[in-house]
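Read through the structure below, which is laid out as structure tokens, and then see the notes.
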Amino acid sequence: MSQFDAIVVGGGVNGLIAGTLLGRRGKNVCIIEKSNGFGGMASYSVDGGPTLAHSLYNLSPRALGDIGIDTQHPVLSGKPVSTVSLSEDGRHIVFKNDGVYWSDGTKHPESDAWSDLTRQLITYGDLLRQLAEAPPPGGQKAILSRGGLNEFLRLAKLGIGLKKLGKYEMRRFLQVVLSNVHDIVLDDLSEGPVAGMLAADAIWGTATGPRSPGTVFNLIYRLGHGGTITQPAGGMCALTDLMVEAAQKAGCLLMPDTEVSRILLDNDAVSGVETTDGRTIAAPNVLSSLAPKLTSRMTGPSAFDIETMRRVRNIRARGTTAKVNLRLKDSSALPSLSDELAHERLIYAPSVEYVEAAFNPAKYGQMSKALVIEAFKMQTADGASWLSTIVQYAPSDLEGGWTETAKEQLAEIAVETLSRALPGLGDQIAGKQVITPDKIESATGAPGGHWHHAEMSLDQLLTLRPTNGMSRYSMGPKGLFQCGAATHPGGDVMGLAGRNAALAALEAQP
Ligand SMILES: Cc1cc2nc3c(=O)[nH]c(=O)nc-3n(C[C@H](O)[C@H](O)[C@H](O)COP(=O)(O)OP(=O)(O)OC[C@H]3O[C@@H](n4cnc5c(N)ncnc54)[C@H](O)[C@@H]3O)c2cc1C
């Protein structure tokens, strides 16, 4: 029987970062992954097509630094991409760092208002980033614990940061952070594609629409690392390969093609894991990057008190995001877009109301007839050209299930939606891949195929993430920790959940 200091269950971005950090701090670590490759959702693809995740906006330099990856590494030095809001009249709108432009290069009349609003949200995002880089505030108990001085200093720094905003901004931050993006955006911008783009950025991966409370928090969370969007050179797999290399350098044993079936307990403390092929691997610490419901299934419910199990069962994770990857006949430019714009981030979200209306059917388990879409034109390793699209809203609990017909229908709606702004797109398509939430769930284990493993909503954030009493990564028996997207601060290719969890495990058992 192998013996380790810690076992990490799941080799997605968070599992890799948690394991590597522990390895670099001298722990003997094994990272167990059920699929034949590492990277989880970030680098999951079907038949070598585009990966689920296709852009970086939240990747944490702090998490990278802690696992020894240089933020200047060539894989991470891709040029920032602009966002292009696709328009039916062919007058697309380009969002750059310095303002908003029509596709002919002239300045958009709402440029200044958009810049002012995003600048303000990015400032607030910096505060959320500070919150994201540590466990959520733990109150008096945490301050009195080992590491309590650090906790105190961190909270003091956050308080100073808030104060530094000035009275007006501090009040506004506290006013807006929990409100809905519909109201905040339309206070400053007129209804239309400029406002629609911000509404879309507030809802990716969530079961919310722009009128849902807390969507401003999601938008600010997304802007927490400055709002710049990039793509890793060589694609998302190049980034996750880099993380695998860092884990190996840190001495971690990587075990692909191995599925954990049980977390073993001895006298209310973790003692190791059992795999589906009957192996037992021993360790006094297990960090699970799976959602709490799956983790508790692996320990058995008797490891937790009744109230904890009730809370775990009630964690909401209703996936709403699918991928429709369109293989293009050739690599030529997309209709109605210059070659330059075709390589930027393309959004179809013509107004805030459009995004809200797209959400409505999904609330009732129905497919939206008009989707909110993010698309990137890219090439895969085999030289094929793709339009890789993320589509909202494709509910995981679709009425009638995700049959082949339903998948075909989703792909048709995605092409129809994009064709409104890119007429003739359908003629350029040579093949389609449709990856729906049920498929994402079966591939990665994420409940409902949810982007963040657990909904990012006001009742499941910060000290309530993934649920009350579990926000500081430890869970139930001694030595059991959560380290995946369901924990604070949430998912995205960011890595802070994994990093914070590893630090919590070190603090508990240095
Ligand atoms: C369609 C879609 C598009 C997205 N696009 C983006 C994007 O462009 N940019 C971005 O920043 N984020 C994006 N995300 C979100 C991002 O990919 C995830 O939030 C993040 O990758 C989650 O990482 P994780 O390590 O917490 O979990 P996961 O990546 O889900 O990793 C969990 C791992 O555990 C493994 N596992 C499961 N069960 C077991 C078991 N029993 N034993 C062993 N291993 C097991 C799984 O195979 C998986 O590898 C997207 C998500 C989706 C669904």
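The values are calculated or read from the model by the stated rules, or taken from the named source; none is laboratory data. Please read all numbers here as calculations on a predicted model, not as lab measurements. Because the Cβ atoms are built from the backbone with ideal geometry, glycine has one as well, and the counts that use them run over all protein chains shown. Heads up: the accessible areas ignore ligands, DNA and RNA and are worked out on the full protein's heavy atoms, side chains in. Shrake-Rupley method; radii C 1.70, N 1.55, O 1.52, S 1.80 Å.
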Those chymotrypsin sites (Phe, Trp or Tyr not before Pro) in the stretch 288-381 that DSSP places in a loop and that have at most 10 other beta carbons within 10 Å: Y364
Ratio Rg/Rh, restricted to the stretch 224-296 and using Cα atoms, in which Rh is the Kirkwood radius: 1.10
Counted charge near G490, where neighbours are those whose Cβ lies closer than 14 Å (Asp, Glu -1; Lys, Arg +1): +1
Kirkwood estimate for the chain, i.e. one over the average of 1/r between Cα atoms, Å: 23.2 Å
Carbon and sulfur %, accessible surface of the chain computed with the full protein complex present, 1.4 Å: 51 percent
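Heavy-atom accessible area per residue, the chain, 1.4 Å probe: how many Å²?
39 Å²
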Computed log₁₀ I(q)/I(0) - Debye formula, equal Cα scatterers, no solvent, the stretch 381-445, q 0.11, 0.20 Å⁻¹: -0.30, -0.91
Value at 222 nm in deg cm²/dmol, rounded to 500, when DSSP H runs of n ≥ 4 in the chain each add -39,500 (n - 2.57): -11000 deg cm²/dmol
Cα-Cα P(r), the stretch 49-149, percent of pairs per 10 Å interval: 11, 26, 31, 20, 9, 3, 0
Nearest-ten-degree value, helix 352-363 long axis tilted from longest Cα axis of the chain: 50 degrees
Beta bridges by DSSP in the chain, antiparallel share as percent, to the nearest 5: 65 percent
Once the Cα gyration tensor of the stretch 160-239 is diagonalised, semi-axes √(5λ) in Å: 25, 19, 12
Stokes-Einstein diffusion coefficient of the stretch 1-47, Kirkwood radius over Cα pairs, 4 °C, 1.567 mPa s, in µm²/s: 116 µm²/s
Kirkwood hydrodynamic radius of the stretch 471-510, Cα pairs, Å: 10.1 Å
Kirkwood Rh, angstrom, the stretch 348-389 [1 / mean 1/r, Cα pairs]: 12.0 Å
Mean projected area (nm²) of the alpha-carbon convex hull when the stretch 78-230 is viewed from all directions: 11.1 nm²
Count, lysine Cα pairs under 22 Å in the stretch 296-411, 8 or more residues apart or across chains: 9
For the stretch 359-510, average projected area of the Cα convex hull in nm²: 11.8 nm²
The stretch 448-496, Rg to Rh (Cα coordinates; Rh as Kirkwood inverse mean 1/r): 0.96
Cα-based convex hull volume of the stretch 367-416 per residue, rounded to whole Å³: 93 Å³
Alpha carbon centroid spacing (whole Å) that separates the stretch 326-383 from the stretch 213-260: 23 Å
Isotropic mean projected area of the C-alpha convex hull, the stretch 50-108 (nm²): 6.1 nm²
Most positive-pole-ward Cα, P256, I315, V270, against dipole of the chain from beta carbon charges: V270
Unit Cα scatterers, Debye sum, the stretch 277-346: log10 I(q)/I(0) for q = 0.13, 0.24 Å⁻¹: -0.66, -1.18
